[in-house]
Amino acid sequence: MDAPEQPGTPVRGTERPADASAAEEQKQRMAAALQRERARLGLSLSEAAKRAGVSKSTLSQLESGTGNPSVETMWALAAAYDVQLSQLLDPPRTRMSVVRFADLPQLPSSTSHYAAALLSASPPGARRDVYLITAEPGPPRASAPHPAGTVEHVILAAGRARLVCDGDAETMDAGDYLSYPGDTPHSFEALTAGTMAVYVIDS
């Protein structure tokens, strides 16, 4: 029997060369975006790290493209810079875009069997991002409140999950839709293997 995957690692199995290449490209785009947003605010590396609650060495590695970012760290940096997470992932924009599941670069959680992949970034003038979430049974993935007014929409594509928002809990089956205020504490817990959800975040 295979050993269970550890939190902070991709949940889809061994990374293939194409996946590794996509992940490396994403790291470089994130590095450039992190440098850009820190420069925009005129923050030193130490100031930015303190504001986000991450170590200076972690931020330095991310800005050089050599770190292994977790979704928690990137959310913290997005909050510190007052930008959408998608602005730090900095996906390439094309006139017509198709996203292949096999090629999605994932941003794993450091605390649970959970990973997020940006499907569609918010267009200029709007604040709406679309993510694909893959998760396996294990510790729930807890999220701190996002900026005031944030609303999260979840469509469970496969598996079964339990979502908790500010103490209220709902269990979702494939095909179910749920919305809740993302500016309160919330969590996502996969109840069956192969759980997958589409998240739309409006803020």
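The values are calculated or read from the model by the stated rules, or taken from the named source; none is laboratory data. All values reported here derive from a predicted model rather than from experimental measurement. FYI the Cβ positions are ideal-geometry reconstructions off the backbone, even for glycines, and counts take in every protein chain you see. For the accessible areas, the whole protein counts, side chains as well, though only heavy atoms, and no ligand, DNA or RNA atoms are used. Shrake-Rupley method; radii C 1.70, N 1.55, O 1.52, S 1.80 Å.
Let's see how each residue does on (1) open to solvent by 60 Å² or more (accessible area, probe 1.4 Å); (2) farther than 20 Å from residue 110 by Cα; (3) in a helix (DSSP H, G or I); (4) out of contact with any strand residue (DSSP E or B) (no Cβ under 9 Å at 6 or more places or on another chain):
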{"site": "33", "(1), (2), (3), (4)": "no, yes, yes, yes"}
{"site": "38", "(1), (2), (3), (4)": "no, yes, yes, yes"}
{"site": "43", "(1), (2), (3), (4)": "no, yes, no, yes"}
{"site": "57", "(1), (2), (3), (4)": "yes, no, yes, yes"}
Discussion item. So the check is Cβ under 8 Å with 6+ separation or different chains; which pairs have a first residue in segment 72-94 that's closer than 14 Å to residue 62 by Cα and small (Gly, Ala, Ser) and a second one that's outside any helix (DSSP H, G or I) and at pLDDT 85 or above?
Written reply: 76/53; 76/54
Item to complete: For residue 15, state whether it is at pLDDT 90 or above, acidic (Asp, Glu) and in contact with a helix residue (DSSP H, G or I) (Cβ under 8 Å, 6 or more places away or on another chain).
Response: no
Worksheet item: Does segment 33-70 hold any residues that are among the acidic types (Asp, Glu) and either more than 23 Å from residue 121 (Cβ to Cβ) or more than 20 Å from the chain's Cα centre (by Cα) (or both), and which are they?
Response: 47
Worksheet item: For segment 143-203, which fully contained strands (runs of 3 or more DSSP E) count at least 1 residues that are of a type in the set (Ser, Thr, Tyr) and either more than 15 Å from the chain's Cα centre (by Cα) or surrounded by 15 or more Cβ atoms within 10 Å (Cβ to Cβ) (or both)?
Response: 168-173, 177-181, 186-190, 195-202
Discussion item. Residues to consider are 130, 154; find the one that is closer than 21 Å to residue 25 by Cβ, at pLDDT 90 or above and out of contact with any helix residue (DSSP H, G or I) (no Cβ under 7 Å at 6 or more places or on another chain).
Written reply: 130
